[in-house]
Structures are given as structure tokens and as C-alpha cells.
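Below: one structure, written as C-alpha cells.
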Amino acid sequence: MQIFFKICLVLLIVGGLNWGLVGLFSFNLVGWLFGGSASTISRIIFTLVGLAALGAIPGLFGLGDGGERTQS
């Protein structure tokens, strides 16, 4: 499960950076790299980022195996 959360984290970073660029400069990096926001590959990447966000929710509440945690 730890690999799953690392993949989610990478996708969330990509999505966060893309949204930051959209907010600051009105520049969609994913759309620019893959032929526009409506291209099939861009839509797949946007969908994967959204699914990664859903997959990361359990880690937010400590319910998933998001890393090594020790309890005292």
C-alpha cells in the first residue's frame, strides 16, 4: 500500500503545480504538454489526479498505510 500512496502523492504534486500555474499565470502545463485541455491524454491525467486525491483521503485521517507511524 505504501507504493500506492507514493503514486498518489506524485500525482497530487503534479496536479497542485498545474493548478498553481493556472492560478498565477493562466497557464495549463498538462494541457500544453499533451495537446490541449480537451485532449484524451490530458483528460486521462486529470482523471488520474482526481482519483489520486480520492485515494489519499484515508491517509489524511490516518486510516491508510500512508507511511511508517509509531504510537507511544
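Taken together, the values in this text are just the output of simple stated rules run on the coordinates, not laboratory data. Small disclaimer: the values here were computed from a predicted structure and weren't measured. Here the Cβ positions follow ideal geometry from the backbone for every residue, glycine too, while neighbour counts run over all protein chains shown.
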Check: Can you give the FRET efficiency for F61 and V14, using 1/(1 + (r/R0)^6), R0 = 22 Å, r = Cβ-Cβ distance, to the nearest 0.05?
Finding: 0.45
Check: When the Karplus curve 6.51 cos²θ - 1.76 cosθ + 1.60 is applied with θ = phi - 60°, which whole-Hz ³J(HN,Hα) does each residue of the stretch 39-51 get, with x for Gly and Pro?
Finding: 5, 4, 5, 5, 5, 5, 5, 4, 5, 5, 5, x, 5
Margin query: Can you show me the helix-derived [θ] at 222 nm for the chain, built from DSSP H runs with n ≥ 4 at -39,500 (n - 2.57) apiece and divided by the number of residues, rounded to the nearest 500.
Written below: -23000 deg cm²/dmol
Notebook entry, point to check: In Å and whole numbers, how far do the C-alpha atoms of the stretch 2-60 stretch along each principal axis, longest first?
Noted result: 32, 25, 14
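Starting from 0.36 nm per residue, how many nanometres of slack lie between T47 and F27 once their C-alpha separation is accounted for?
Working it through step by step, the gained length comes to 5.3 nm.
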